Each structure stands twice: as structure tokens, then as C-alpha cells.
Amino acid sequence: MLRSTCLSILSILALFSASPALAQEEPDGWALSGGFDLIELREGEGPVAFTWDGTFSLGDGTDQVMLMTTGGGALESQIDEVELRLFYGRTIGTVTPLVGVRQNISPGAYATYAAAGVQGAIGDKSSWETYAFLSDQGDLIGEAQVIYQIPITQQFYLEPRVVIGWSAQDIDAEATQAGFTEGEATLRFRYSVNGAINVYAGVVHERLLGGTRRLALEQGEAAQSTLAVVGFGVNF
């Protein structure tokens, strides 16, 4: 049920992203923008996984309401988790402070967080974002991401990105220890089909960090993986 519902929502949003007519500016100066940065398949030692990462924003050059969605699961199984973030943001110079709420949805479980973050850019080729989340159980966690684009030709470019997660305390229910908890380094080779659609292939390296890594190894679990990825992005 969760899988079919999420796939239906993704199909609608992807169609919405690709339709210029739906991105028209509102009369009051606000406009809808965004799309899916990642819709991809990941393959490594385990089952092939399907993941997505999208952001939709309604606003002007100063004020925005943002909906962010990520999720995924094994391709031939159910979706393991869906994450929704709803933010209000106000751009000041090259940075946008954000405040809002995060909702995690997985089969039989829900988790709600108060959320705050900052997005920024360094020139026109690099962007960064950082977030902190306070759960309804009082746990404080966060993450940061840096993305860089390296042009090769007018249509081809390399896109390295690094993501790191952290926790302010041990969270036994999630087998997480305080400190840096996980990291992900990716390199995607993208081809821009047009201004709205790109396709890509690349490699992702994921690894647990610090005490969380030691705990996983003590329990006989994998602490890192390297995956091949292929997918596309769609924006308006």
C-alpha cells in the first residue's frame, strides 16, 4: 500500500515538474518551481534499490514555502521509508534560513521532527545545505550536504557531492551513537537533454562513521557499501 501510494504521488509530481504550463507565475508574484534532482536505481551487493529526492518551492525571490521529499526501498519489495519536509524560507543575500517540520513514514511507524536549516550557494557551480532535527522523543540529529558541478561540455558535466550525518546523543532504537554517524560520497556524470530533463550514471559510496560504525561492526553488520547508480532528474 505504501509503495503504490508513493509511486502514484511521484508520477504525479514528475508529470507536474515536466509541464511548463503548471509552472506559471501566480498573480501576486509567487511562482512554483522545483522538481526531482534524483530518481535513480542503485545496485551493489544486495537487491537493486529505487530512491528519489525532490524539492518543490512556492514563492518569490525572498520568501518561499518548500516541500522536500526523499525515500526509497528495494525495487522488487516495499518502499522502506518516505521522508517529507515542509519549510518556510526567507532568502538573505546568498543564503536561505529555513524553519519547519519533518515527517518520516515507514511501514507501521511514524516519526515527527521540528526542523531548521540553511541553504546557500558559492558562485554558480556549488551549493550547500545543512539541517538540524529535533524529534518528538527529544533526540537531536542533523545532516549537511555540499554539491559541486564541473562542466565538461555544454551538455555534459560531473557532479560530485558529499553528505554527512550526525547525532547529538546515542539513540539505541536506531543503533546510533553520538557524533558523526554516516557519510555518503557520490560522483554522477550527467547529460542535460534540455533545460528541464537530465540523465546520469555514477557511483555512490556509503559508510557509517564513528561510534555508529564501531557498533555496527560489533554486531556483525556491514559498515560501508559502494553502489552503481543510474537515473534522471526533472525540473521546471
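The residue pairs whose first member lies in segment 207-236 and is free of Cβ contacts under 8 Å to residues at least 24 places away in the same chain, whose second member is surrounded by fewer than 19 Cβ atoms within 10 Å (Cβ to Cβ) and part of a loop (DSSP other than H, G, I, E, B), and whose beta carbons are closer than 6 Å, counting only pairs six or more residues apart or on different chains, are ARG213/ALA223; LEU217/ALA223. Return the residue satisfying two criteria in turn: it lies in segment 171-190 and is in contact (Cβ under 8 Å) with a residue 12 or more places away in the chain and charged (D, E, K, R), and of such residues it is nearest to PRO160 (Cα to Cα). Result: ARG188. When LEU227, LEU208 are checked against the criterion of being in contact with a helix residue (DSSP H, G or I) (Cβ under 7 Å, 6 or more places away or on another chain), surrounded by 18 or more Cβ atoms within 10 Å (Cβ to Cβ) and either among the aliphatic types (A, V, I, L, M) or under 30 Å from ASP136 (Cβ atoms) (or both), LEU208 stands alone in meeting it. Determine which single condition VAL199 fails, assuming it passes every other condition in (1) in contact with a strand residue (DSSP E or B) (Cβ under 8 Å, 6 or more places away or on another chain); (2) over 24 Å from GLN169 (Cβ atoms); (3) not in a strand (DSSP E or B); (4) not aromatic (Phe, Trp, Tyr). Going through the list (1) in contact with a strand residue (DSSP E or B) (Cβ under 8 Å, 6 or more places away or on another chain); (2) over 24 Å from GLN169 (Cβ atoms); (3) not in a strand (DSSP E or B); (4) not aromatic (Phe, Trp, Tyr), VAL199 breaks only (3). For segment 112-149, a residue qualifies if it is surrounded by fewer than 17 Cβ atoms within 10 Å (Cβ to Cβ) and charged (D, E, K, R), and the qualifying residues are ASP124, LYS125, ASP136. ALA216 meets each of the listed conditions (1) of a type outside the set (Val, Ile, Thr); (2) crowded, with 16+ Cβ neighbours inside 10 Å; (3) assigned to a loop (DSSP other than H, G, I, E, B) apart from (3). The number of residues in segment 72-111 that are surrounded by fewer than 15 Cβ atoms within 10 Å (Cβ to Cβ), hydroxyl-bearing (Ser, Thr, Tyr) and either more than 27 Å from LEU41 (Cα to Cα) or touching a Phe, Trp or Tyr at 6+ places or on another chain (Cβ under 8 Å) (or both) comes to 2.
Checking each residue of segment 88-99 against the condition of being touching a Pro at 6+ places or on another chain (Cβ under 8 Å) and not hydroxyl-bearing (Ser, Thr, Tyr) gives at least one match.
With respect to the conditions (1) within 30 Å of LEU217 (Cβ to Cβ); (2) free of Cβ contacts under 8 Å to residues at least 24 places away in the same chain, GLN103 lacks only one, and its number is (1). Scanning for something in contact (Cβ under 8 Å) with a residue 40 or more places away in the chain, within 24 Å of PHE87 (Cα to Cα) and either in a strand (DSSP E or B) or not β-branched (Val, Ile, Thr) (or both), does segment 146-164 turn up at least one residue? Yes, some residue in segment 146-164 is in contact (Cβ under 8 Å) with a residue 40 or more places away in the chain, within 24 Å of PHE87 (Cα to Cα) and either in a strand (DSSP E or B) or not β-branched (Val, Ile, Thr) (or both). The requirement of being among the small types (Gly, Ala, Ser), in a loop (DSSP other than H, G, I, E, B) and over 17 Å from ILE39 (Cβ atoms) is not satisfied by ALA185. Exactly one residue among ILE122, ILE79, ILE105 is of a type outside the set (Asp, Glu), at pLDDT below 95 and over 17 Å from the mean Cα position of the chain (by Cα), and that residue is ILE122.
The values are calculated or read from the model by the stated rules, or taken from the named source; none is laboratory data. Note that the coordinates shown come from a computational prediction; the quantities given were computed from them, not determined experimentally. Glycine also receives a Cβ, built like all others from the backbone with ideal geometry; neighbour counts cover every protein chain displayed.
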